[in-house]
Amino acid sequence: MTDNTIATVCYVHPNRETGLRCNQCERPICTSCAIRTPTGYRCKECVKGQQKKFETAEWYDYLFGFSVAGILSLIASILAGLVSGFGFFLFFIVGIAASTVGVVIAESARFVTRRHRSRRLYLTVVAGMVLGAVPFTLASIFMLDIFGLVTQAIYLVIATPMMYYRLSGTPLFK
């Protein structure tokens, strides 16, 4: 009995034999070139081509998303800072409210960008949210308000990943 199988090599790494193929273009790929998708393994070029179809953000979406996130985050950070002056127990209230604020900012950004998608858009909205909290954080630093700084830290640590996850559907930290 003879073995009629032909050894195939990765199209990127010609010195690596493989039995794996991209499920879209059928090119042979090695395990280091394969990207696992819900429908099977694909080569990096096919994944890049698919991702471009999902990035629909226009140039003005970045501006609108950044602005809305910055303005809402400024308002939220001022409110969080004002609440911090009432005592230690209100840190918990800020922690609970921060997740709601993250969702509100995400949905507002989604509304003004008309549900356009792009990883860079999501990161731009994160930058707007963080920069919106900077003025009150700097005021807390100059006034040596430790409770205000702790409140801002709680707000940003909880609200920012919540907003990113709600907006993009993927966690900010993996």
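The values are calculated or read from the model by the stated rules, or taken from the named source; none is laboratory data. Everything numeric in this text was worked out from a predicted model, so none of it was measured. Note: ideal-geometry Cβ built from the backbone for every residue, glycine included; neighbour counts use all protein chains shown.
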**Item:** Within the range 117-139, tally of residues that are surrounded by 16 or more Cβ atoms within 10 Å (Cβ to Cβ) and at pLDDT below 90
**Value:** 2
**Prompt:** Quick one: is Gly49 surrounded by fewer than 13 Cβ atoms within 10 Å (Cβ to Cβ) and either at pLDDT 90 or above or among the small types (Gly, Ala, Ser) (or both)?
**Reply:** no
**Fill in**
Of the candidates Phe86, Phe173, Phe147, Phe142, the one satisfying the condition of being at pLDDT 90 or above, of a type in the set (Phe, Trp, Tyr) and out of contact with any Asp or Glu (no Cβ under 7 Å at 6 or more places or on another chain) is Phe142
**Asked** Restricting the search to the range 92-113, which residues are surrounded by fewer than 18 Cβ atoms within 10 Å (Cβ to Cβ) and at pLDDT below 90?
**Response** Phe92, Ile93, Gly95, Ile96
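Let's see how each residue does on (1) within 25 Å of Leu63 (Cβ to Cβ); (2) of a type outside the set (S, T, N, Q):
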{"site": "Thr124", "(1), (2)": "yes, no"}
{"site": "Met129", "(1), (2)": "yes, yes"}
{"site": "Ala133", "(1), (2)": "yes, yes"}
{"site": "Thr137", "(1), (2)": "yes, no"}
{"site": "Val150", "(1), (2)": "no, yes"}
{"site": "Pro161", "(1), (2)": "yes, yes"}
{"site": "Tyr165", "(1), (2)": "yes, yes"}
**Message:** Exactly one of these conditions fails for Pro28: (1) surrounded by fewer than 18 Cβ atoms within 10 Å (Cβ to Cβ); (2) free of Cβ contacts under 8 Å to residues at least 40 places away in the same chain; (3) in contact with a Leu (Cβ under 9 Å, 6 or more places away or on another chain). Give me its number.
**Reply:** (1)
**Asked** Out of all the residues in the range 10-25, which are surrounded by 14 or more Cβ atoms within 10 Å (Cβ to Cβ) and part of a strand (DSSP E or B)?
**Response** Thr18, Arg21
